[in-house]
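Just below is one structure, and these are the notes that go with it.
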Amino acid sequence: MNKMEKALHELAEMDELAAGTSPIHGLCAPAKLLTTIAYIAVVLSFGKYQLSGLIVMVLYPVLLFQISGVSVGSFFYKLRIVLPLVMAVGLFNPIFDRRILIQIGTVGVSGGVISMLTLMIKGVFCLMASYLLMATTPIDVLCAALRKFHLPATLVTLLLLTYRYIGVMTEELAVMTEAYALRAPGQKGIHVSAWGSFLGQLLLRSMDRAEELYNSMLLRGYHQHFHYAPVKKCTGKDAAFFLGCTACFLLLRFVDLAQLLGSLFVR
Amino acid sequence: MIEFKHVDFSYEKDRPVLRDLSFRIEKGESVGLIGANGAGKSTVMKLLLGLLSPTSGEILVDGVRVEKKTLPEIRRKLGFVLQNSDNQMFMPTVYEDMIFAPLNYGLSREAAEQRVDAVLQKLGLQELKHRHNHRISGGEKRMAAIATILAMEPEAVLMDEPSSALDPYNRRLVINTIRELKQTKLITSHDLDMILDTCERVILLSGGSIAADGPAEVILRDRALLEAHRMELPFCLAGRA
C-alpha cells in the first residue's frame, strides 16, 4: 500500500469511526457540535500565561476518548502532518518575550516559553475536540446539524462536497503516484522536474472525476438541495451533556484547579 | 419510448461525432448499442440524458423533447448505470447511496427506505445495505450501482459497459440481473456475449452513424459486418458461425 492509498484508507476509516455505537456516538449531533464550540471558545479564551489553568482542560478530550473508544493514538497518527504546524505557532515567542515569569529551582522560565507552550496546547486541544466531533459524528449528520443552526445551505453543501472531493482527489493521487513509482524504481517520491505536470494532471483528473460524480448526482434528481440524514432528536440526556460540559468548562476557566491542587500540596 | 431524429453532434467544429443519427426504441425493448472505440456510443448516452446537447436534430423520450426545461422530467424516467461504479457510489454506505434518488424525488424517508429494502431484496443484496462503499468488492459495487438506479424506479435503464472489469461469476450475476429487468434497456458494451444474452436488438454504430440495426441474433452472427467495423464475433458464436 503506498502512502496515498494509506491516506485514502485513513479517510475512509473516519466514516467507519463515526458510525460507532458508544454513548458519545449516540448523543445528538447539535449537542456535540455546541459542546465542541463551547470547549474551543473556552480554551481560546485563556490568557497567554495561564498555562496551569489551560492544562486542566485536557480532561474533556481524555474523557471523550475513553468513553467513545476512539484511540488517542489514531488522533496523533492521523494528524501527524497538522500537529507540527500547530506546534510551530508561537515558536518565536521565547525570542521576543524574555521576561522571567517563574523560577523552577535555579532555572528561570520566560514569559515567551510559557506563552509558546500555551499556544501549542491550545492548538492541540482544539484539534482534539474537533477530531473527536468528526470521529463520533458522520459528516452528513454533522452537516444536517449545521443546517439546523440555519447555516446557509450552499455553505453546508460545499463543506460536504469538499469532504467528498478530498477522497476523490486522494484516489487520483494514489493512482498517479503508483503509476509514477512503477516507472521510476528506486526513486524516492516524485522528482521536482515532474511536479508541475503531475499537479496539472492531478487537477484535471480529479476535476473529471468530480464532474462525473456531479453528473451522477444530477441524474438521480439532485437539484442543489441535499437531503441529509435525519438528525436524532435531542433529549434531556443530550441537553444534560451540553449543559454539564459547558458548566465544567466555565468552572475550569475561572477556577485554576491545577494551581489550587498545587497550593494544597505545597502547604 | 426513446427516439433520435436526425441527430448531429460534434465536440469540435468540423469533427462530427454523430451524423444524422435516427433510431427509435419502443417501450420494453432491450437494445444493445455496439461499436468500436470512438464510434459515439457514450455520446449517444450523454445526449439522451441531456448531459450534452445535439448540434442539430432532436431527441425525444416518451414524446418529450430533451432540452434544459424538460431535463428533470426526462431524468426521472431514465436510470443510468455508469461504467465506473466508484463515480456512481459517492455516499459512505450503500444504503445512503440508494436512498439519495428517492429522497430527491420527494419520497418520505420511510417510503424511500421501503423502496430501498424492496430493491435490495429483489436483487438479493440485503447484506450490503449498511456496508461502506469502500469496503465492498468491484462486483458488489456494480450490483449496488444497479440497485441505486432501480431504487429510482425508472422507466428505462441505460447502462454503460455493465460487465466491464468483472470476474466471470459477477459478470453472470450482472447479466442475470439485467435479463430480469422489465424496463426498457439501452446497453452499450464491447462484451458482445453479454449483449447477446441480454438484448433482443442491436444497433451497430460506426463513425457516428448507424451501420446496422436489427435482431441481435442476426447482427452478432454476421462476421463480415462485425469485422468491417473493427469488431469480432461473440466468443460463444465464434466456433459455430
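Computed from the coordinates by the stated procedures, all read-outs in this text should not be read as laboratory data. Since the model is a prediction, treat every value here as computed from it, not as a measurement. Neighbour counts are summed over all protein chains in view; Cβ atoms, including those assigned to glycine, are modelled from backbone coordinates with ideal geometry.
If Rh is defined by the Kirkwood formula over all Cα pairs and Rg also comes from Cα, what ratio Rg/Rh do you get for segment B:145-241? In segment B:145-241, Rg relative to Rh is 0.98. Here each label is just a point 7 Å from Cα along the line to Cβ, and for B:R223 and B:D14 those points are 4.2 nm apart.
Kirkwood Rh, Cα Rg: Rg to Rh for segment B:130-187? With Rh from the inverse mean 1/r over Cα pairs, Rg/Rh is 0.96. For chain A, the Stokes-Einstein estimate of translational diffusion at 25 °C and a viscosity of 0.890 mPa s comes to 113 µm²/s, using the Kirkwood hydrodynamic radius over alpha-carbon pairs. With Cα atoms as the point set, the radius of gyration and Dmax of segment A:74-164 evaluate to 18.9, 58 Å. Once C-alpha pairs closer than 8 Å and six or more residues apart are averaged by separation and normalised to the residue number of chain A, the relative contact order reads 34 percent. Placing one equal scatterer on every Cα of chain B and applying the Debye formula, the log10 ratio I(q)/I(0) at q = 0.09, 0.15 Å⁻¹ is -0.39, -1.05. Note that segment A:130-219 shows a convex hull volume over its alpha carbon atoms of 145 Å³ per residue. Isolated cysteines of chain A, defined as having no other cysteine beta carbon under 4.7 Å away, are A:C126, A:C143, A:C245, A:C248. With θ taken as phi - 60° and the Karplus curve 6.51 cos²θ - 1.76 cosθ + 1.60 applied, the whole-hertz 3J(HN,Hα) list for segment B:62-76 is 6, x, 9, 5, 6, 8, 3, 6, 9, 4, x, 5, 5, 5, 5 Hz, x standing for glycine and proline.
Peptide A:224-234 has a mean of 2 when you count, residue by residue, the C-beta atoms of other protein chains within 10 Å of its C-beta. Comparing Cα centroids, segment B:131-162 and segment B:209-240 end up 28 angstrom apart.
For B:M159, nonlocal amide neighbours, meaning residues 5 or more places apart or on other chains whose placed amide H falls under 5 Å from its own, are B:V81, B:L186, B:I187, B:T188. Coupling constants for segment A:40-52 follow from the phi torsions by the Karplus curve (6.51 cos²θ - 1.76 cosθ + 1.60, θ = phi - 60°), and in residue order they are 4, 4, 5, 4, 5, 7, 5, x, 5, 9, 8, 5, 5 Hz; glycine and proline get x.
In angstrom, the C-alpha Rg and Dmax of segment B:16-92 are 13.5, 43. Cross-link partners of B:K122 among aspartates and glutamates, defined as those whose alpha carbon lies under 19 angstrom from its own and excluding same-chain residues fewer than eight positions apart: B:E96, B:D97, B:E110, B:E113, B:E140, B:E153, B:E155, B:E180. Remark: for residue pairs A:K148/B:K68; B:K41/B:K68; A:K148/B:K46, the C-alpha separation exceeds 31 Å in A:K148/B:K68; A:K148/B:K46. The reciprocal of the average 1/r between distinct C-alpha atoms defines the Kirkwood hydrodynamic radius, which for segment A:185-267 equals 19.9 Å. Listed cross-link partners B:K5/B:K27; B:K5/B:K141; A:K6/B:K129 are compared with a 29 Å cut-off, the Cα-Cα value being larger for B:K5/B:K141.
Only Lys, Arg, Asp and Glu carry charge here, each on its Cβ (+1 for the first two, -1 for the last two); on that basis the protein assembly as shown has a dipole of about 1660 debye about its Cα centre.
Take the convex hull of the alpha carbons in the protein assembly as shown; its mean projected area over all directions comes to 31.8 nm².
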